[in-house]
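Engineer: I have a structure here, written as structure tokens, and I will follow up with some questions on it.
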Amino acid sequence: MPGALALSQSDKRPIYLQIMEQIKLRIAVGDWAEGQPIPSIRQLAVDLQVSVITVKRAYYELEREGVIITQHGKGSRVSSTPGLGA
């Protein structure tokens, strides 16, 4: 997957919101295509050096918005109709 997500320590927003924004941006610009698997919660937490709980919250909210689909035991992938307007 092209490049890592970039979080800002100077950004006053919670980290999970920054993760959500970065994932939505990747999808919007076409870096992550429809149906493409995205990093596991654990892997992204390690890559970003943040808590698994933080990434889990971001993924939960993205799934709630229809941006990603998560299947237990199979991981998460970009939704076929990502709701990027939210």
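The values are calculated or read from the model by the stated rules, or taken from the named source; none is laboratory data. Since we're looking at a predicted model, the values are computed, not measured. Because the Cβ atoms are built from the backbone with ideal geometry, glycine has one as well, and the counts that use them run over all protein chains shown. Each accessible area value is taken on the protein alone, full model and side chains, heavy atoms only, with ligands, DNA and RNA left out. Shrake-Rupley method; radii C 1.70, N 1.55, O 1.52, S 1.80 Å.
Engineer: What does the charge count around H72 come to, taking other residues whose C-beta lies under 15 Å from its C-beta (Lys +1, Arg +1, Asp -1, Glu -1)?
Structural biologist: Net local charge, H72 excluded: +3.
Engineer: Here's another thing I want to ask about it. For I68, which sequence-distant residues (separation of 5 or more, or a different chain) have an amide H within less than 5 Å of its own amide H, given hydrogens modelled in the peptide plane?
Structural biologist: Here E63, S79 satisfy the definition.
Engineer: What helices does the chain have that are whole DSSP H segments, at least 27 Å long along their own axis by Cα, and with mean Kyte-Doolittle hydropathy of 0.5 or more?
Structural biologist: TM-like helix candidates: nothing returned.
Engineer: Follow-up question, since we're still on this one. For S80 and Q9, what does the FRET efficiency come to when R0 = 30 Å and r is the distance between their Cβ atoms, rounded to the nearest 0.05?
Structural biologist: Numbers: r = 35 Å, r/R0 = 1.15.
Between S80 and Q9 the formula returns 0.30.
Engineer: When only DSSP loop residues count, what GluC sites (Glu not before Pro) in segment 1-62 have their Cβ near at most 12 other Cβ atoms within 10 Å? Intermediate results must be reported in sequence, preceding the final value.
Structural biologist: Working: sites: E21, E34, E61; in loops: E34.
Those satisfying the criteria are E34.
Engineer: Work the Kirkwood hydrodynamic radius out for the chain: mean of 1/r over every pair of different alpha-carbon atoms, inverted, in Å.
Structural biologist: Working: mean 1/r = 0.0778 Å⁻¹.
Value: 12.8 Å, from the Cα pair sum.
Engineer: Along the positive direction of the dipole of the chain (beta-carbon charges: Lys, Arg +1; Asp, Glu -1; about the Cα centre), which of S80, L25, Q43 reaches farthest?
Structural biologist: Checking the options against the dipole of the chain, the answer is Q43.
Engineer: Taking a probe of 1.4 Å, how large is the accessible area per residue of the chain, in Å²? Don't jump to the answer; show the numbers that get you there.
Structural biologist: Details: 5350 Å² over 86 residues.
Per-residue accessible area for the chain comes out at 62 Å².
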